[in-house]
Amino acid sequence: MKATPVRLRTDSADFEAAFRDRLHWSAETDVAIEQRVADILADVQARGDAAVLEYTRRFDGLQADSMAGLELSQDELKAAFETIPTAQREALEAAAARVRRYHEAQRKASGESWSYRDEDGTLLGQKVTPLDRVGIYVPGGKAAYPSSVLMNAIPARVAGVGEIIMVVPTPQGARNPLVLAAAHVAGVTRAFTLGGAQAVAALAYGTATVPKVDKITGPGNAYVASAKKRVFGTVGIDMIAGPSEILVLADGSTPPDWVAMDLFSQAEHDELAQSILLSPDAAYIDAVQAAIDRLLPTMPRAEIIAKSLTGRGALILTRDMEEACAISNRIAPEHLEVSSREPHRWEPLLRHAGAIFLGAYTSESLGDYCAGPNHVLPTSGTARFSSPLGVYDFQKRSSLIEVSEAGAQTLGKIAAELAYGEGLQAHARAAEMRIKP
């Protein structure tokens, strides 16, 4: 089995065309999926729990006579935590502590209310309040993701969200103890063994059993992504996630085996994941390809890695590191590793990325599990205008305005003038009534 990422050179005449072709990925959902999701959403909205039970039996093979059979109690979550191996318990608690500490710092930096009074005594400010109830979707089909529980639930808890409702599919009733243990550690309020579009619908619209939430976060398959897109507006959502991505900027100083394995770390997610290396050192690119060839047969998910690297991977020779940084900004990757002797030299040039990993020892996988920052990141170039999941996603801001009597004399004249200009006489008169004759 071979993995052959495309080899590109920025000084080639056909680079731009080949580069665009390699980056292209359509986020359009299959029309049949869109229609099926629309039908499921409408059915759950109309029939509630009965529809949810029916789809859970059909798609997950999970038989339950009532919704009570699909809800996990706090005792069950705690029991899962107590029965997993000690090493897993300690790893969960250590990761949770780091994720919690990071998001607490994030809340202090950007999530506090503030106000001030101007010279006439008018108070102006911003009131930051948490959402009342959120839903977190945890994938549970091809693999189990306890790390996703931590990354979604902990910032919500730090933000002060009152209730966190977790949904996780359990095909054929198979429950992953580590996922349940993570829910216990992260402070999940209620948990249901639901998945797919029906779980999104239950969270968005509410049923007799599943409470309606204010926002839904967390990744899922094409059905989940389509459902989240359709319910946006009824509830908030975090983002529509595409395939996972990693971009490595390398000056040739990092062991090639390390970089090859970092490329594997995203390629093993699925065949559509994208792994790209940018380097000005041709010999180093050859060494990384040799490491790929040598290490691939040792990987349990070798077939997926090979398809991902061959179909969407790229090894790109650049003129220099400055050009590599410029190309990285065009890509705006989900994960960006700066594998260099001088990572802080290049970091100021990097404007667009979901997360930036500085230095050879900072593997992307550490960010996925336990470094502290959130691993729910923008994909498919959306890092140009969006941010990682954070405390701010579980808060909202209200403006505070308290105009003093003196302030009304000044502001009233300004507002009235502009209101008359817009033809809104009632606006103008409301302001003028507060002006002393």
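Read the figures in this text as sums done on the coordinates, not as results from a lab. Since the model is a prediction, treat every value here as computed from it, not as a measurement. Because the Cβ atoms are built from the backbone with ideal geometry, glycine has one as well, and the counts that use them run over all protein chains shown.
Taking the Cα atoms of segment 140-273 alone, what are Rg (to one decimal) and Dmax (as a whole number) in Å?
17.0, 59
Taking Cα atoms, how many degrees apart are the long axis of helix 405-422 and the longest axis of the chain, rounded to 10 and kept between 0 and 90?
Helix 405-422 and the main axis of the chain meet at about 70 degrees.
Among Lys127, Lys212, Lys307, Lys2, which comes first, second and so on when ranked by fewest other beta-carbon atoms within 10 Å? Mind dumping the intermediate values first?
Numbers: Lys127 12, Lys212 15, Lys307 18, Lys2 9.
If I rank by nearby Cβ atoms, fewest first, I get Lys2, Lys127, Lys212, Lys307.
Collect residues whose amide H, placed 1.01 Å from N in the peptide plane, falls under 5 Å from the amide H of Phe357; neighbours closer than 5 in sequence don't count.
Under 5 Å from the amide H of Phe357: Leu336, Glu337, Val338.
Below 8 Å between Cα atoms, with a sequence gap of 6+, how large is the relative contact order for segment 31-237 in percent?
Details: 356 pairs, mean separation 60.6, N = 207.
Relative contact order of segment 31-237: 29 percent.
Near Glu82, within a Cβ-to-Cβ distance under 14 Å, what is the net charge of the other residues, with Lys and Arg +1 and Asp and Glu -1? Walk me through the numbers on the way to the answer.
On the way: positive: Lys78, Arg89; negative: Asp75, Glu76, Glu90, Glu93.
Surrounding charge for Glu82 is -2.
Ala50 to Asp65: extension gain in nm, 0.36 nm per residue of separation minus the Cα-Cα distance?
Details: separation 15, 0.36 × 15 = 5.40 nm, distance 0.98 nm.
Answer, rounded to one decimal: 4.4 nm.
When the scattering of segment 198-265 is computed by the Debye formula from its Cα atoms alone, each counted once and equally, what is log10 I(q)/I(0) at q = 0.13 Å⁻¹?
Listed by q, the Debye log ratios stand at -0.52.
How are the Cα pair distances of the chain distributed, in percent, across 20 Å bins from 0?
23, 47, 26, 5, 0
Can you give me the angle between helix 256-267 and the longest principal axis of the chain, using Cα atoms only, in degrees from 0 to 90, rounded to the nearest 10?
50 degrees
Rounded, prolate or oblate: which fits segment 31-237, taking a ≥ b ≥ c as square roots of the Cα gyration tensor eigenvalues, rounded meaning a/c under 1.5, else prolate when a/b beats b/c?
Since a/c reaches 1.5 but b/c is at least a/b, the shape of segment 31-237 is classed as oblate.
Would you work out the charge dipole size for the chain about its Cα centre, treating the Cβ of every Lys and Arg as +1 and the Cβ of every Asp and Glu as -1, and quote it to the nearest 20 debye? List each step's numbers first, then the result.
Numbers: 44 positive and 54 negative charges, 142 e Å.
Approximately 680 debye in magnitude.
I'd like the Karplus ³J(HN,Hα) series for segment 118-125: coefficients 6.51, -1.76, 1.60, θ = phi - 60°, whole numbers in Hz, and an x wherever there's a Gly or Pro.
Per-residue couplings from phi come out as 8, 5, 9, x, 5, 9, 10, x Hz.
Quick one: 3J(HN,Hα) in Hz for segment 176-181, Karplus 6.51/-1.76/1.60 with θ = phi - 60°, rounded, Gly and Pro as x.
Ordered by residue, 3J(HN,Hα) equals 8, x, 5, 5, 5, 5 Hz.
Could you name the aspartates and glutamates in cross-link range of Lys215, using Cα to Cα under 16 Å and dropping any fewer than eight places away on the same chain?
Counting by Cα, and skipping residues close in sequence, Lys215 has these aspartates and glutamates nearby: Asp132, Glu163, Asp238, Asp393.
Can you give the calculated 222 nm mean residue ellipticity of the chain, where each DSSP H run of n ≥ 4 adds -39,500 (n - 2.57) and the sum is split over every residue, rounded to the nearest 500 deg cm²/dmol?
On the way: 17 runs with 201 residues, N = 437.
The per-residue figure over the chain is -14000 deg cm²/dmol.
Under 5 Å between amide hydrogens, which residues at least 5 positions from Lys396 or on another chain qualify, with H placed 1.01 Å from N in the peptide plane?
Excluding prolines and chain starts, which carry no amide H, the hits are Thr129, Leu131.
Rounded to whole Hz and in sequence order, give me ³J(HN,Hα) for segment 232-241 from the Karplus expression 6.51 cos²θ - 1.76 cosθ + 1.60, θ = phi - 60°, writing x for Gly and Pro.
Along segment 232-241, the couplings run 4, x, 6, 10, x, 9, 7, 5, 9, 7 Hz.
Among DSSP bridges having both ends in the chain, what percentage is antiparallel? Round to the nearest 5. Write out the running numbers ahead of the final one.
Details: 14 of 50 bridges.
Counting DSSP beta bridges with both partners in the chain, the antiparallel share is about 30 percent.
Could you please report the charge total around Leu23, scoring K, R as +1 and D, E as -1 over all other residues with beta-carbon less than 15 angstrom from its beta-carbon? All intermediate terms of the calculation are to be shown ahead of the outcome.
Details: positive: Arg20, Arg22, Arg312, Arg330, Arg384; negative: Asp14, Glu16, Asp21, Glu245, Glu334.
With Lys, Arg at +1 and Asp, Glu at -1, the neighbours total 0.
If I fit a long axis through the Cα atoms of helix 196-205 and take the longest principal axis of the Cα atoms of the chain, what angle between them do I get, 0 to 90°, rounded to 10?
10 degrees
Tell me, Glu402, Glu71, Glu422, Glu364 in order of fewest to most beta-carbon neighbours within 10 Å? Mind showing how you got there, number by number?
Details: Glu402 12, Glu71 16, Glu422 9, Glu364 22.
Fewest to most other Cβ atoms nearby, the residues stand as Glu422, Glu402, Glu71, Glu364.
Starting from the amide H of Arg9, placed 1.01 Å from N in the peptide plane, find each other amide H under 5 Å away whose residue is 5 or more places distant or on another chain.
HN-HN under 5 Å from Arg9: Leu317.
Please say if segment 343-427 is rounded, prolate or oblate, where rounded means a/c under 1.5 for a ≥ b ≥ c the square roots of the C-alpha gyration tensor eigenvalues, and otherwise the choice is prolate for a/b larger than b/c and oblate otherwise?
Details: a/c = 3.46, a/b = 3.06, b/c = 1.13.
In terms of gyration-tensor shape, prolate.
Which shape class, rounded, prolate or oblate, goes with segment 143-202 when its Cα gyration tensor gives a ≥ b ≥ c as root eigenvalues, a/c under 1.5 marks rounded, and past that a/b bigger than b/c marks prolate? Numbers along the way, then the final one.
Values: a/c = 2.18, a/b = 1.37, b/c = 1.59.
In terms of gyration-tensor shape, oblate.
Inverting the mean 1/r over all pairs of different Cα atoms, compute the Kirkwood radius of segment 296-382 and quote it in Å.
On the way: mean 1/r = 0.0694 Å⁻¹.
Result for segment 296-382 stands at 14.4 Å.
Magnitude of the Cβ-charge dipole of segment 304-437, K/R +1 and D/E -1, about the Cα centre, nearest 20 debye? Let's see the in-between values first.
Details: 14 positive and 15 negative charges, 55 e Å.
So the dipole magnitude of segment 304-437 works out to roughly 260 debye.
Within straight cross-link reach of Lys2, meaning Cα distance under 17 Å, which lysines are found once same-chain residues fewer than 8 apart are removed?
Lys307
Which residue fluctuates the most in the chain, going by a Gaussian network model with Cα springs under 10 Å, if the choices are Arg133, Arg345, Arg100?
Highest fluctuation among the options: Arg345.
For Cα pairs less than 8 Å apart in space and 6+ apart in sequence, what is the mean separation divided by the residue count of the chain, i.e. the relative contact order in percent? Mind showing how you got there, number by number?
Details: 861 pairs, mean separation 90.3, N = 437.
Normalised by residue count, the contact order of the chain is 21 percent.
Using Cα springs under 10 Å in a Gaussian network model of the chain, which residue among Gln425, Gln35, Gln395 shows the largest mean-square fluctuation?
Fluctuation is largest for Gln425.
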